[in-house]
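First up is the structure itself, then whatever we jot down about it.
Derivation of every value follows stated rules applied to the coordinates shown; laboratory data play no part. Computed from a predicted structure; not experimentally measured. Note: ideal-geometry Cβ built from the backbone for every residue, glycine included; neighbour counts use all protein chains shown.
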Amino acid sequence: MSFSENRYSQIPYRRCGDSGLMLPILSLGLWHNFGGKADLDNARDILRTAFNHGITHFDLANNYGPPPGSAEENFGKILHSDFKGYRDELIISTKAGYRMWDGPYGEWGSRKYLISSIDQSLKRMNLDYVDVFYHHRPDPDTPLEESMMALDQIVRSGKALYAGISNYGGEKTRQAKHILAELGTPFIIHQPMYNMFVRGPEEDLFPVLKEEGIGCIPFSPLSQGLLTNKYIGGIPEKSRIADPDGFLQENDLTQEKLDKIIALNEVAEKRGQSLAQLALVWVLRNEVVTSALIGVSKKEQLLDNIAALDNLELTEEEQNQIESILN
Ligand SMILES: NC(=O)c1ccc[n+]([C@@H]2O[C@H](COP(=O)([O-])OP(=O)(O)OC[C@H]3O[C@@H](n4cnc5c(N)ncnc54)[C@H](OP(=O)(O)O)[C@@H]3O)[C@@H](O)[C@H]2O)c1
């Protein structure tokens, strides 16, 4: 298989915090649409289109499916059939933190769970190592030192090149950074939820990431599809809300949100962009953001999102309009 020769001129890359790693400003997540019930040809088409446009980073987790683990298995299959010879051009991440198997060692943040989980993930993807391994969520009961020492061991043993954390608040992130810095482990990236509807990280987390030189890859930048025009005329049959396995629920689409979506869509149209494109430009406007971590259910959505990069400038007037819609 071969890919477009000019793929690296199609998308900008940003440095991930103070590290040596560059990431494409759009990265692709495999949470939905890549599991055991997904159409493998569609999944392959999305992955190939992404890489053809310079998207080098694919994000997974132990539990992505359904069933849990099946997204890693499918990704492994496609990687080995379609991306042979390209492993060194890819940044593959996975995570552990949510429930993956029965019993007390199948979730949260113990050394036992994290080290067992990376071994399982590598087996499912048929890989020797991932580029980034994340602790998926903070564990209120396990000492932070234990979870971070597990990440350190995973990096030291060559199973991951870099460590990351996800869903941690600002103060715990700072503590994690100090523990890992003492251990000499490259902790380079944080994965928070951040989009026009979820602004918490701006106050709590972003100042810490900036001060500590940690990169940031916000997930669900489109609020799982709410920040697109797809729900303006009702709930389409093929959509995450309509999908019984989807994490987005009908009651997430309140009238208040719908009113905001309609108003934001008008701002987008005036710029000559789709709302999805505007939502991505808005997330990427923040200097702390390295890459926006999107999901897509088909290739056309991916192409629409990539076209956002044609106009990454947001005027002050547009930013003010967006603020007044959101507040
Ligand atoms: N660390 C964590 O705790 C965590 C949590 C959640 C996600 N993540 C990561 O973040 C990734 C992205 O999350 P997400 O899938 O929620 O991101 P998202 O980009 O906010 O939402 C993706 C959904 O939006 C819709 N969409 C995308 N582009 C569109 C377009 N141009 N026009 C219309 N609709 C469009 C599609 O919905 P339809 O399916 O309805 O077509 C798509 O499945 C995940 O795959 C995962 O890797 C991490």
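When the trypsin sites (Lys or Arg not before Pro) in segment 42-89 are filtered for DSSP coil states and for at most 14 other beta-carbon atoms within 10 Å of their beta-carbon, the remaining sites are K84. Between the helical axis of 144-156 and the longest alpha-carbon principal axis of the chain there is an angle of about 80 degrees. Per-residue Karplus couplings for segment 288-302, computed as 6.51 cos²θ - 1.76 cosθ + 1.60 with θ equal to phi - 60°, are listed in order as 6, 7, 7, 8, 9, 9, 9, x, 9, 9, 7, 4, 4, 5, 4 Hz, Gly and Pro entered as x.
Fully extending the segment from K112 to A263 would add 49.5 nm, taking 0.36 nm per residue of separation and subtracting the current Cα-Cα distance. Over segment 70-129, what is the mean sequence separation of C-alpha contacts under 8 Å (at least six apart), divided by residue count, expressed as relative contact order in percent? Relative contact order comes out at 39 percent. Using just its DSSP H runs of length 4 or more, each adding -39500 (n - 2.57), the chain gives a mean residue ellipticity at 222 nm of -12000 deg cm²/dmol after division by all residues. Beta bridges per DSSP, both residues in segment 7-326: antiparallel share near 15 percent. Distant-in-sequence amide contacts of A292, defined by a placed amide H-H separation under 5 Å and a gap of 5 or more residues or a different chain, comprise L26, S27.
Give, as ranges by residue number, the residues of segment 166-186 whose backbone N falls under 13 Å from the point 7 Å along Cα→Cβ of N286. Answer for this model: 167-170. Please determine, in degrees from 0 to 90 and to the nearest 10, the orientation of helix 316-326 with respect to the longest principal axis defined by the Cα atoms of the chain, where the helix direction is its Cα long axis. Once rounded, the angle reads 80 degrees.
Our compactness index for segment 1-150, the C-alpha radius of gyration over the empirical 2.2 N^0.38 Å, is 1.08.
Note on N52 and D128: with the Förster distance fixed at 41 Å, the Cβ-Cβ geometry gives a FRET efficiency of about 0.95. The angle separating the long axis of helix 255-271 from the principal Cα axis of greatest extent in the chain is about 70 degrees. Straight-line cross-link reach from K95 at under 17 Å between alpha-carbon atoms covers these lysines, not counting any fewer than eight positions away in the same chain: K112, K123, K159.
What are the GluC sites (Glu not before Pro) within segment 1-81 that DSSP puts in a loop, where the Cβ has at most 14 other Cβ atoms within 10 Å? Taking segment 1-81 and a limit of 14 other Cβ atoms within 10 Å, the loop GluC sites (Glu not before Pro) found are E5. In the elastic network of the chain, a GNM with C-alpha springs shorter than 10 Å, the most mobile of A181, A292, A308 is A181. The distance from the alpha carbon centre of segment 214-236 to that of segment 88-166 is 27 Å, rounded to a whole number. Treating each Cα of the chain as an identical point scatterer and ignoring solvent, apply the Debye formula and state log10 I(q)/I(0) at q = 0.08 Å⁻¹. Computed log10 I(q)/I(0) values: -0.35. Packing here is the average count of other Cβ atoms within 10 Å per residue, and on that basis the peptides 15-22, 139-146, 172-179, highest first, run 172-179, 15-22, 139-146.
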